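K.L.:
Let me begin by handing over the structure; questions about it come next.
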Amino acid sequence: MATAPKAVRYRAVRTFKRAHKSPLIFLERLPLEILMKILSYLDVSALYTLSHVNKLFYQLANDNVLWEKIHKAEHRRKTNLKCDCMYELLQMMSRMELKDPPENFWKLLHLNSLIKYDMKTLKSNLGILNRHTGLPSRTKQVLRNLRVTWELTVSDKSGHKSTFEPSWCRFCETSVSLSWSGGGQLSDYKKISSLHLHGVRRIALNLSGLKTPGRRSLMLKLDMHAVAESMQIIGRDKLVELKLLQPGIIIGDQSSVAFVMFTLHFHRLVERSTNENPLCLEDPILKPISDDVDPEHGLHGYQLHVALNDTACDIMSENFSQLFCRRADISDGLIRLTAISRSNPSQHTSLSGSVSLPWGCESLQGNVQNCCVLSVTLLDFCKGKFWCVGSAVSVQLQETPVCYDYDGEHFLILYQDSEGRVEIQLVKEQTRFVVVSLAVCVAVGKVNKHFGTSY
C-alpha cells in the first residue's frame with residue numbers, strides 16, 4: 001500500500017515531462033539549414049503567422065532569402081504587376097544586387113506588390129458613373145474588393161497615442177459614416193490633442209486570429225486646439241452631447257468621449273483611402289473652363305443631388321438639374337442656386353423617415369433627435385464635380401414661419417464652410433417633415449477660379 005502513492009506520483013511526473021516535448025521545441029532543436037528548408041515550403045500566410053510565434057521564428061520567417069524566392073516566383077506569375085513610386089524604388093534597389101539587403105527588404109517588397117497588384121483593374125470599375133449623382137456607382141464594392149478599412153489614431157496631450165478600428169461602418173447613397181467607440185479607452189475630450197484618420201488597405205491573407213497586414217494612407221489630420229473655438233454643439237440626448245469639430249467630424253461626449261464619428265463623401269474616396277501620399281489628397285488643379293461669348297458663364301447648368309440620412313438609410317434623396325443664378329442676383333459674395341422654392345408648393349417634398357441620429361458604443365445606445373447626416377454633390381454644366389459635402393447637421397427650430405401654406409413648426413438645416421452654404425427649410429406636419437425650401441449658395445471666388453470669370 002505504501003508504494004501505490006509513489007507509483008501515481010511517478011506517472012504524473014512522466015506525463016508532465018512529456019507535455020513539454022512539444023513539436024515546437026522539437027523544431028527549435030533542428031539545425032537552421034533544416035528549419036529554413038522546411039519554411040521554404042510555406043506560403044505567405046503561413047510565414048506571416050509563424051513570425052508571431054516567438055523571436056526565433058520571427059527572425060526565420062522574415063529571412064530575405066525566403067522572401068526573395070517568394071517574390072520572384074509571384075512576380076513571374078503576375079506579369080501585369082503595377083507599381084507606385086515606393087514600389088518602383090524597392091524594385092530598383094533589388095536590381096542593384098545588394099550583397100546584404102536591409103532586414104525585411106524582400107518581405108516589404110513582396111507585400112507592397114500584393115497591395116498594388118490589380119489595383120488598376122479594380123479602380124477601372126469607378127469609371128461607371130451614376131447619372132443622378134455623377135459619382136462612381138460602385139464605390140462601396142470597389143472599397144470592399146480592395147479590402148479597405150479605416151483606422152483612427154487619437155493622441156492625448158501627454159503624447160500617448162491609441163489606434164482604433166471602426167465599431168461600425170455604414171454606407172449610404174453618396175457617403176459612408178464611420179464610428180469609433182474605443183471600448184472605453186478614448187481619452188477625455190479636453191485631453192485629446194489630435195485625431196488622425198488613415199485608410200488601410202489589407203492584404204488578402206488567410207490568417208486566423210491575427211490582424212492582416214496592410215498599407216496605411218493618411219487622409220486627415222485634426223488639431224483639437226485649432227478647432228476649439230469653431231466647435232459647435234449640434235444636438236444632445238440624455239447620455240451624450242454631439243460636438244461638431246469641423247464638417248464631417250463629430251464627437252459624442254458627456255463626462256468622457258463615448259464615440260467619434262466621421263462622414264466621408266464618396267468623391268475620390270477610393271483614391272484618398274488607398275494613396276500613401278498625403279499630398280495626393282487634394283483635388284488636382286484643373287484649367288479653368290473659360291467662355292468669352294456667354295455673359296453669364298458659370299452661373300447656369302448646375303446639377304444638384306442632396307441626400308439626408310440617419311447613417312443607416314436615406315430619408316431624402318433628390319436630384320435637381322439646370323440650376324442657375326442671374327448675374328444681378330449675386331449678393332454677399334455668394335451665387336444662390338435655388339432647387340426648391342417655398343413659393344412653389346408643387347416642388348415641396350416629404351422626408352421618408354424621422355430626423356434623428358442613432359449612436360451606440362459597447363454598453364450604451366442613444367438617439368439624438370433633430371440631427372442627421374447631409375450629403376451634397378454639385379456638378380457643373382460639364383458634369384464635373386464642383387462642390388461635395390458630407391457632414392452631420394442639426395435641425396433648428398425657427399421662431400418665424402417661412403411658409404404660410406403649412407400650420408406646423410418650422411425648422412432650418414444650415415451647413416456652411418469656406419466654399420459655400422446649404423439651406424434647407426422644413427415644416428413638421430404631424431409626424432412628417434416637409435421640405436419647403438432648398439438652396440445652395442456657392443462662394444463667388446470658387447466660381448471665378450473654376451470658370452475663369454470675374455464676378
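K.L.:
What pairs come out if I take residues in segment 428-455 that are over 16 Å from His300 (Cβ atoms) and of a type in the set (Asp, Glu) and pair them with residues that are at pLDDT below 90 and open to solvent by 10 Å² or more (accessible area, probe 1.4 Å) whose C-beta lies under 9 Å away, six or more apart or interchain?
P.N.:
Filtered contacts from segment 428-455: Glu429/Tyr406; Glu429/Asp407; Glu429/Gly408.
K.L.:
Assess whether Ile233 counts as being in contact with a helix residue (DSSP H, G or I) (Cβ under 8 Å, 6 or more places away or on another chain) and modelled with pLDDT under 95.
P.N.:
No, not satisfied.
K.L.:
Right, next: How many residues does segment 331-378 hold that are at pLDDT below 90 and of a type in the set (A, V, I, L, M)?
P.N.:
1
K.L.:
Looking only at segment 98-105, decide whether some residue is acidic (Asp, Glu), over 20 Å from Pro213 (Cα atoms) and either modelled with pLDDT of 55 or more or not in a loop (DSSP other than H, G, I, E, B) (or both).
P.N.:
Yes, segment 98-105 has at least one match.
K.L.:
Within segment 198-260, which strands (runs of 3 or more DSSP E) (wholly inside it) include 1 or more residues that are among the small types (Gly, Ala, Ser) and either in contact with a Leu (Cβ under 8 Å, 6 or more places away or on another chain) or open to solvent by 50 Å² or more (accessible area, probe 1.4 Å) (or both)?
P.N.:
232-236, 249-253
K.L.:
Hey, can you tell me all the residues within segment 149-163 that are open to solvent by less than 20 Å² (accessible area, probe 1.4 Å) and not charged (D, E, K, R)?
P.N.:
Within segment 149-163, Trp150, Leu152, Thr153, Val154, Ser155 meet the criteria.
K.L.:
Do any helices (runs of 4 or more DSSP H) lying entirely in segment 32-84 carry at least 3 residues that are modelled with pLDDT under 80 and under 32 Å from the mean Cα position of the chain (by Cα), and which ones are they?
P.N.:
Per the criteria, 64-77.
K.L.:
A further question follows. Has segment 148-156 got at least one residue that is out of contact with any strand residue (DSSP E or B) (no Cβ under 7 Å at 6 or more places or on another chain), of a type in the set (Gly, Ala, Ser) and modelled with pLDDT of 75 or more?
P.N.:
No, segment 148-156 contains no residue that is out of contact with any strand residue (DSSP E or B) (no Cβ under 7 Å at 6 or more places or on another chain), of a type in the set (Gly, Ala, Ser) and modelled with pLDDT of 75 or more.
Quick grid of which residues meet (1) among the polar types (S, T, N, Q); (2) outside any loop (DSSP other than H, G, I, E, B); (3) out of contact with any Gly (no Cβ under 7 Å at 6 or more places or on another chain); (4) open to solvent by 40 Å² or more (accessible area, probe 1.4 Å):
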| position | (1), (2), (3), (4) |
| --- | --- |
| Pro295 | no, no, yes, yes |
| Val306 | no, yes, yes, no |
| Ser321 | yes, yes, yes, yes |
| Cys325 | no, no, yes, no |
| Ala328 | no, yes, yes, yes |
| Arg336 | no, yes, yes, yes |
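The values are calculated or read from the model by the stated rules, or taken from the named source; none is laboratory data. What you see is a predicted model; the values in this text were computed from it and never measured. Neighbour counts run over all protein chains shown; Cβ positions are idealised from the backbone, glycine included. Accessible surface is based on the protein model in full, side chains and every heavy atom, while ligands, DNA and RNA are left aside. Shrake-Rupley method; radii C 1.70, N 1.55, O 1.52, S 1.80 Å.
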